[in-house]
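What follows is a short report on a single structure.
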């Protein structure tokens with residue numbers, strides 16, 4: 001295999017791994033926020049806390065997305 005092809009594949013896999021990490025970070029933050037909100041809402045008997053947890057998870061997920069994309073852009 002040519003050296004040029006090896007370098008291309010290496011960069012392709014590196015970029016795919018970074019994109020995967022960013023996506024998983026977003027999904028897990030939303031899931032954790034939703035699960036914690038659900039648990040608190042079940043404990044208190046109010047659905048309000050589920051939505052609060054879900055919204056906080058979404059905010060945290062997009063915050064992670066911005067931070068990680070800045071890190072990988074450098």
Does any residue of segment 27-40 turn out to be in a helix (DSSP H, G or I) and modelled with pLDDT under 85?
-> no
Residue identified as under 21 Å from the mean Cα position of the chain (by Cα) and at pLDDT 95 or above among 67, 59, 22 = 59
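Those residues that are touching a helix residue (DSSP H, G or I) at 6+ places or on another chain (Cβ under 6 Å) and closer than 12 Å to residue 27 by Cβ, I need them from segment 53-67; list them, please. Walk me through it before giving the result.
Narrowing segment 53-67 to residues touching a helix residue (DSSP H, G or I) at 6+ places or on another chain (Cβ under 6 Å): 53-54, 56-58, 60-61, 64-65.
Passing the criteria: 57, 58, 60, 61, 64, 65.
If you go through segment 41-74 one residue at a time, how many are part of a loop (DSSP other than H, G, I, E, B) and farther than 30 Å from residue 11 by Cα? Spell out the reasoning first.
Our first condition is that a residue be part of a loop (DSSP other than H, G, I, E, B); within segment 41-74, this holds for 45-47, 74.
Next, from what is left, pick out any that are farther than 30 Å from residue 11 by Cα: 45-47.
So the answer is 3.
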Any residue at all in segment 34-46 that is out of contact with any helix residue (DSSP H, G or I) (no Cβ under 8 Å at 6 or more places or on another chain) and on the phi > 0 side of the Ramachandran plot?
-> yes
Near pairs, Cβ below 8 angstrom, 6+ apart or cross-chain, from segment 8-32 (surrounded by 11 or more Cβ atoms within 10 Å (Cβ to Cβ)) to any residue that is modelled with pLDDT under 80 and assigned to a helix (DSSP H, G or I) = 18/72; 22/72
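The values are calculated or read from the model by the stated rules, or taken from the named source; none is laboratory data. Because the structure is predicted, anything quoted here is derived from the model rather than measured. Every residue, glycine as well, gets a Cβ built from its backbone with ideal geometry; the counts of neighbours run over all protein chains shown.
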